[in-house]
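Here the structure comes first, spelled out in structure tokens, and everything after it is commentary.
The values are calculated or read from the model by the stated rules, or taken from the named source; none is laboratory data. None of the values given here were measured: they were computed from a predicted structure. Note that we place each Cβ from the backbone using ideal geometry, even for glycine, and neighbour counts take in every protein chain shown. The protein model used for the area step is the full one, side chains on, heavy atoms only, and it has no ligands, DNA or RNA in it. Shrake-Rupley method; radii C 1.70, N 1.55, O 1.52, S 1.80 Å.
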Amino acid sequence: MRAHVPSVRRSCLVVSLFFAVALLRVPVAEAGFERTEVRTPCADFDPLRSPFFGDTHVHTRLSFDGATGDVREGPRAAYDFAKGNPIDLPPYVAGVAQRSAQLRRPLDFTVITDHQEFLGETSICLEPSAPGYSSPECEVFRDNIPQEQPGAPPAFITFVAPYLGAFDPVRHPFCGPTGDVCTTAAGPVWQDIQDAAEEHYDRTAACTFTSFVGYEYTGAPVAQNVHRNVVFRTDVVPPLPPSYVEEPTAEGFLSELRSQCQDSLPGCDALAIPHNSNLSNGLMYRPELADGTPFAAEDAALRAEMEPIVEIMQHKGDSECRVGVLSNDELCGFEKMTGHLIGIFPGPPASYDPLAFVRNVLKEGLEQEEALGVNPYPLGLLAATDTHNAIPGLTHEADYGPAGHLGTRDATPELMLEGPDVANTLGGIESNAGGLAVVWAEENSRDAIFSAMRRRELYGTSGTRPLVRFFAGNIPANACGGDDFAEKGYTRGVPMGGELGAVRNRRSPRFAVLALRDGGTPGSPGTALQRVQIVKGWVDGSGTAQETVYEVAGDPDNGASVDPNTCGPIGVGFDTLCTVWEDPAFDPDERAFYYARVIENPTCRWSTLLCRDEGVDCSDPGTIGPGFEHCCDGLVEEYVQERAWTSPVFYRPESLGRVSGWLQPDAAGLLRLSARFHRIPDTLDLAAQDLTLEVRDDDVIWEVTIPAGTLDNPKPGLYRFRDPSGALLNGLRVLTLKVRSGGDGILTLQTVRTDLSNAEAEDHDVELRLSAGNWTAQHARRWEMKGSRLRVRP
């Protein structure tokens, strides 16, 4: 392991930040992702990608529970807020807002995700001329405005339970026998959401801000949360996409979303981001269909395709892991809700379902892949706010106490500090300000950011803004020593979210992580870093999932703390942490995931700051007034260590390992490839399965499908194809696949001169995809232009 760990000194901070930024970004020749929209190209384009900060979970007055909090601002005001403008917050007195908020730093992108289920109903209940306005259900809804408690009062539950709390949801009677009164009313609201996103999307070359069309799919059968946020790539979206009312099962919802978007609308692409698995009682990620049938391979593939990301933290708690729930990781106590269901608090459960926590879900995915050949949960990680105040990105601890996220439901210090028995896992003192999503993309545009989401090159933070890069592969041991960290990472490995084979034969891949402290704002400096960890999960030889946490950089015992009198920092930390690490327990036969967790020095939690601002001194009982008891009873920690979680890198023994070769990007080009595998699955049967190979960048460069039974099989483990003319299979001249007795193998191929002109004639990312039956393998690297050939390094 090689670590670069300069200590924090105020005088060297600017120099250190400049050095780290140089490591993060060293532009090379321009290359692209797939562009699907018509827009002015961004002037600021970095082929080695830049970090963009955003919020993918934002509610406005259009959501039923935004309206009950008397939130009066819609998507346009929310986008304005994300760009750095102030916003009014309830309560209102004589029409005048009594609070306001403003971001300390603007966001780069935002997704507005109002609840799809009540778009029409909320509109009807608040519009006197609408049919249904005078219905008993609407009267109950309006009587609950403004709601002045963070939890769910009986009247509120009466309005939402038939929709969100049932396995078989039904619309209110005022929606008509078929529900069309409410779905028709939802149409103009959905169109207005699209219009607002278009108005705020910067299509100029400045590319200052990116808005996405999105919504929340909101189900919680028997209070078991199964919510998902849907993000559309561009402005091509369905007329009214599916909600929980129409599709109350995960498989039905994802199939219908794909049917309405990818399968039916040219140019449409969408993905779903589950959130708050911590309040799902494990239902969100049980590897079975709604009727209890275990996943088949096709079910697992649907999940992996449509849900490539999970929201690991937000307003209603951290979902990474929990101490004692298949983990003894001491840092798993961060920002936990006591409850395990959403909207009610029956008290803490006798035990928490392991699949309520993302790390266990990742491990479950590895076990499912062992059984099915497909991992349903190869999840990238991000964080968000889930604000219902139309205030995306408001995550600073000092700002959350005054602003809250629930309108009038948490508009006073007393409401912010309610205990879980009143807040019902929706707010209160156990809540937090939420987190941020950070994507590594070439530019700030919809195509670029969505592509980063799809390939999982993103990370989540608990609200602060450290910069983190994470690569794995055959990374040089000295990657931290120069100014080309990212270039080495892309050419010799995969970034966070990537898939990796046995790139160093039986030796561990090298993992390179670089973290840069949050630079903060004038008057509010960012917090120094304490340490970097790598979290590993794997399936051992008995088929059982395991986990461990490695300390790889920094110092967990640096003595950093907080001054209890001022909340100021005590002790030293690090501006930058950089290391290249190898897994001392790596076994090439065991599938695994690895993600980096970056931990900052301790700071005061929002509740500590709010209690201090309200004059509470826990050493003086006379200062602890009604509503402030939880300031001093130890229910929550006084101090927190903010953090970032990268998306995992997934090691698969069956994936492409060492790959070497080249291609000529020409209309009469040649392709030569050699690829090694540590393990080729026993299920491979090329007499009965087609073998497909695709080489692509932003376009398909070359592809071939070899029909089942086409390959010669002169002896066990040897498959061959020869066609000197290349006329039979898209220019393929020779392909040989050798599978050795130990299961490892090598694939080699050559083409005749064929059209490879779709390849960019410059350094850029090229991906290889191989599939046969349920077996898939991929290899993504930055290929380098050397003379007339694009080459990939082994």
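What the table below lists for this structure:
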item: Helices (runs of 4 or more DSSP H) completely within the range 340-429 that count 1 or more residues being modelled with pLDDT of 95 or more and among the hydrophobic types (A, V, I, L, M, F, W, C); result: 358-372, 397-403, 413-416
item: Out of Ala166, Ala205, Ala186, sole residue that is under 19 Å from Gly74 (Cβ atoms), aliphatic (A, V, I, L, M) and over 25 Å from the mean Cα position of the chain (by Cα); result: Ala186
item: Top-ranked residue of the range 131-148 - restricted to ones that are farther than 20 Å from Gly407 by Cα and in contact (Cβ under 8 Å) with a residue 40 or more places away in the chain, ranked as most open to solvent (accessible area, probe 1.4 Å); result: Pro131
item: Test set (1) crowded, with 19+ Cβ neighbours inside 10 Å; (2) out of contact with any Lys or Arg (no Cβ under 8 Å at 6 or more places or on another chain); (3) free of Cβ contacts under 8 Å to residues at least 60 places away in the same chain; (4) more than 30 Å from Gln641 (Cα to Cα) - Leu254 fails condition number; result: (2)
item: Whichever residue in the range 745-790 is among the small types (Gly, Ala, Ser) and not in a loop (DSSP other than H, G, I, E, B) and, among such residues, is surrounded by the fewest Cβ atoms within 10 Å (Cβ to Cβ); result: Ser771
item: Which listed residue is out of contact with any Phe, Trp or Tyr (no Cβ under 8 Å at 6 or more places or on another chain), assigned to a loop (DSSP other than H, G, I, E, B), under 19 Å from Gly373 (Cβ atoms) and not assigned by TED's automatic domain parsing to the domain that holds Asn360, from Ala667, Ala688; result: Ala688
item: Filter result for the condition that a residue is in contact (Cβ under 8 Å) with a residue 24 or more places away in the chain, among the basic types (Lys, Arg) and crowded, with 24+ Cβ neighbours inside 10 Å, over Arg456, Arg506; result: Arg456
item: Check on Asn601, under 30 Å from Asp399 (Cα atoms), open to solvent by 30 Å² or more (accessible area, probe 1.4 Å) and either within 28 Å of the chain's Cα centre (by Cα) or not basic (Lys, Arg) (or both); result: no
item: Meets criteria (open to solvent by 10 Å² or more (accessible area, probe 1.4 Å), closer than 26 Å to Thr218 by Cα and part of a loop (DSSP other than H, G, I, E, B)) for Arg104; result: no
item: Test for Ser771: is it farther than 19 Å from Gly501 by Cα and among the hydroxyl-bearing types (Ser, Thr, Tyr); result: no
item: Criterion (more than 17 Å from Leu756 (Cα to Cα), open to solvent by 40 Å² or more (accessible area, probe 1.4 Å) and either touching an Asp or Glu at 6+ places or on another chain (Cβ under 8 Å) or of a type in the set (Val, Ile, Thr) (or both)) met by exactly one of Thr646, Thr736, Thr705, Thr710; result: Thr710
item: Residues of the range 496-536 that turn out to be within 24 Å of the chain's Cα centre (by Cα), more than 28 Å from Glu547 (Cα to Cα) and part of a strand (DSSP E or B), as a count; result: 0
item: Selected residue (only one of Val439, Val374, Val422 is of a type in the set (Val, Ile, Thr), surrounded by fewer than 24 Cβ atoms within 10 Å (Cβ to Cβ) and either under 22 Å from Glu767 (Cα atoms) or free of Cβ contacts under 8 Å to residues at least 60 places away in the same chain (or both)); result: Val374
item: Candidates Ala82, Ala43, filtered to the one that is more than 23 Å from Cys138 (Cβ to Cβ) and not assigned by TED's automatic domain parsing to the domain that holds Ala205; result: Ala43
item: Given (1) part of a loop (DSSP other than H, G, I, E, B); (2) in contact with a Leu (Cβ under 8 Å, 6 or more places away or on another chain); (3) not acidic (Asp, Glu), number of the condition Leu737 does not satisfy; result: (1)
item: Unmet requirement for Arg72, which otherwise passes all of (1) without any contact (Cβ under 8 Å) to a residue 60 or more places away in the chain; (2) under 19 Å from Tyr400 (Cβ atoms); (3) basic (Lys, Arg); result: (2)
item: Where a residue in the range 320-332 is modelled with pLDDT of 95 or more and its partner, wherever it lies, is in a loop (DSSP other than H, G, I, E, B) and of a type in the set (A, V, I, L, M), with Cβ under 6 Å and at least six apart; result: Cys332/Val323
item: All positions within the range 113-130 that are crowded, with 24+ Cβ neighbours inside 10 Å and not polar (S, T, N, Q); result: Asp114, His115, Glu117, Phe118, Leu119, Gly120, Glu121, Ile124, Cys125
item: Breaking point among (1) assigned to a loop (DSSP other than H, G, I, E, B); (2) open to solvent by 20 Å² or more (accessible area, probe 1.4 Å), for Gly726; result: (2)
item: Cβ-Cβ under 9 Å pairs, at least 6 apart or on other chains, the range 542-566 side closer than 30 Å to Asn360 by Cα, far side exposed (fewer than 10 other Cβ atoms within 10 Å of the Cβ); result: Tyr550/Pro584
item: Answer from Tyr459, Tyr490 - the residue that is among the hydroxyl-bearing types (Ser, Thr, Tyr) and over 14 Å from the mean Cα position of the chain (by Cα); result: Tyr490
item: Some residue of the range 476-495 being crowded, with 19+ Cβ neighbours inside 10 Å, of a type outside the set (Phe, Trp, Tyr), assigned to a loop (DSSP other than H, G, I, E, B) and touching a Phe, Trp or Tyr at 6+ places or on another chain (Cβ under 7 Å); result: no
item: Search result, residues across the range 299-318 that are assigned to a helix (DSSP H, G or I) and acidic (Asp, Glu); result: Asp299, Glu305
item: Hey, Gly151 assigned by TED's automatic domain parsing to the domain that holds Phe209, assigned to a loop (DSSP other than H, G, I, E, B), modelled with pLDDT of 95 or more and crowded, with 21+ Cβ neighbours inside 10 Å or not; result: no
item: Residues of the range 83-116 satisfying the condition of being out of contact with any strand residue (DSSP E or B) (no Cβ under 8 Å at 6 or more places or on another chain) and in contact (Cβ under 8 Å) with a residue 24 or more places away in the chain; result: Lys83, Leu103, Pro106
item: Scan of the range 270-284 for residues that are touching a strand residue (DSSP E or B) at 6+ places or on another chain (Cβ under 9 Å) and not in a strand (DSSP E or B), ordered by number; result: Asn276, Ser277, Asn278, Leu279, Ser280, Met284
